[in-house]
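Here is the structure we will look at, set down as structure tokens.
The values are calculated or read from the model by the stated rules, or taken from the named source; none is laboratory data. Computed from a predicted model, the values in this text were never measured in an experiment. Positions of Cβ are backbone-derived with ideal geometry, glycine not excepted, and every protein chain shown enters the neighbour counts.
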Amino acid sequence: MPVRIRLQRHGKKGKPFYWVVAADARSKRDGKFLEKLGIYNPNTNPATIELNIDNSVQWLVNGAQPSDTARRILSYKGVLYKHHLLGGVRKGALTEEQAEAKFNAWVEEKEKAIAKKEAGLNKDKAEAKAKALEAEKEVSEKRALAATEAANEEVEEEITEEAVVLTEEAIAEPEVTEEASPATEEPVAEEAATEEPVAEEAATEEPVAEEAVTEEIVEEVVPAVEEKAEKEAAPAKAEDAAKEGDTEEKPAASEKKE
């Protein structure tokens, strides 16, 4: 029965991973297998490979033929190299200890190369991340500058609009003052008209004051004049009274004679 070491597909669409199996060459790709030797996941960087080296070497010794992809995987993990060393041991060119030492040295070098590659990949990843952050920072700064420029432009537009409005108002103010000047003259005329009645009232108040002064003078002079008149009229009244007394006495005398 011919045996093939090949890959058996698993996983979902777009993200496959594979089993490394030893299966009958006449069976289907994803059908029955004789033994699972390891896994291969190409979705990671570097690819993840886990393999049972001793069992894989034994299947090669038994005559199993790997597929092209399986051969590259076996070579990457050192299975083919170990199979070659075991061939030299069978021929007597090497001892098992020497073959094992050479294989271990090869594995160490391979692991160092893999670690170096992983370090380089991590470094590249970090640099790419830093560049992406710088690019995002530049974009954010540009957006901030654009926003500030837009805000400044809006402020300048508002300032220019306010300046235009102020200039228009300044231009319109002289016209308004010219139009308002007749209206201001009318109140002045009205004030003048109001001042004239005030002057008339003041003029009328002056005669009233003069009349009050004359009345006071008259009140002071009249009693004195009356006193003089009474003094002058007193002798006349006495004479009249004497005359009246004489006339009354004459009839009385005539009555006595009778």
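So how many residues does segment 32-83 have that are among the hydroxyl-bearing types (S, T, Y) and in contact with a helix residue (DSSP H, G or I) (Cβ under 7 Å, 6 or more places away or on another chain)?
Taking segment 32-83 first, the residues among the hydroxyl-bearing types (S, T, Y) are 40, 44, 48, 56, 67, 69, 75-76, 81.
In the following step, the residues that additionally are in contact with a helix residue (DSSP H, G or I) (Cβ under 7 Å, 6 or more places away or on another chain) were identified as 40, 56, 81.
So the count comes out to 3.
On the basis of being within 14 Å of R6 (Cα to Cα), at pLDDT 90 or above and acidic (D, E), does D68 make the cut? Steps first, answer last, please.
On the way: within 14 Å of R6 (Cα to Cα): yes; at pLDDT 90 or above: yes; acidic (D, E): yes.
So D68 passes the test.
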Scanning segment 1-20 for residues that are of a type in the set (K, R) and in a strand (DSSP E or B), the one farthest from N41 (Cα to Cα) turns out to be R4
